[in-house]
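Below is one structure, written out as structure tokens, with a few remarks after it.
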Amino acid sequence: MDQLGKRGVADLEEATRVGLQVAVEDEARQALLGAEWVIASPSIPPSNPMWRAMAEAGVHVTTTTDLWFAQFGDRTIAVTGSKGKSTTTTLVEAVLRQCGMSPEVGGNIGRGFFDLDPAAEVFVVEVGSNQSARLAHSPAGGILTALFPEHLDWHGSIDAYFDAKINLFSHGTRSEEHTSELQSHLNPRMPSSA
């Protein structure tokens, strides 16, 4: 349990609180392969063989970040990038407060997604590349700050890193018209989805 870290322990406690079956260490592999759905930690890199094993077993995999956007994405502004995420998130919060709103701020800055008040009118969240890599839902709005080659050990390549960042914007109602253009600006070698 020591390897779970502070966020992992909090997620484990929350999962147990809401009645989810939780398995760690030795029994975890068999439990994962026999599950219908798995909520995966964003700390597990795509190179981990369990991703392939779960896909082959027909397990549906999601993340707490994706569950957040599925439920609250319509009221969420997300900030991602290599540098400037926390500063930009804080600035967006300040602008919204000046406009008379009361945003809840979290994600990689401050409180975790599900520690935010679900009744808030708007959320401003910081999202790391490991959190955006496996998303199937997007926020209502987003900001991409500067990008530099980082976390390549986790992603495996700069293209995969850029893909993970862009994925944050790939699943909204207007995503098709913008994602391909964003990809071509970030990395001309990346194939266009258009």
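Across the alpha-carbon atoms of the chain, the computed radius of gyration and Dmax are 17.2, 52 angstrom.
Arg111 exposes around 100 Å² of accessible area when a 1.4 Å probe is run over every protein chain in place. Using the Cβ-Cβ distance between Ser86 and Gln21 with R0 set to 30 Å, the FRET efficiency works out to roughly 0.30. Using only the Cα atoms of the range 20-130, build the gyration tensor, take square roots of its eigenvalues as a ≥ b ≥ c, and label the shape rounded, prolate or oblate: rounded if a/c is under 1.5, else prolate if a/b is larger than b/c, else oblate. It is prolate, given that a/c is not under 1.5 and a/b is the larger ratio.
Could you tell me whether the range 134-173 comes out rounded, prolate or oblate from its Cα gyration tensor? Rule is a ≥ b ≥ c as square roots of the eigenvalues, rounded for a/c under 1.5, then prolate if a/b exceeds b/c, otherwise oblate. Oblate, because a/c is 1.5 or more while a/b does not exceed b/c. Summarising the label geometry, the points placed 7 Å from Cα in the beta-carbon direction at Ser47 and Arg29 lie 1.9 nm from one another. Highest mean first, the peptides 53-61, 122-130 sorted by other C-beta atoms within 10 Å per residue fall in the order 122-130, 53-61. In the chain, helical runs assigned H by DSSP with n ≥ 4 each contribute -39500 (n - 2.57); averaged across all residues and rounded to the nearest 500, the mean residue ellipticity at 222 nm is -12000 deg cm²/dmol.
The values are calculated or read from the model by the stated rules, or taken from the named source; none is laboratory data. This is a predicted model, so every value here is computed, not measured. Reconstructed Cβ throughout: ideal geometry from the backbone, glycine too, with neighbour counts over all protein chains shown. For accessibility, only protein heavy atoms count, side chains too; no ligands or nucleic acids. Shrake-Rupley method; radii C 1.70, N 1.55, O 1.52, S 1.80 Å.
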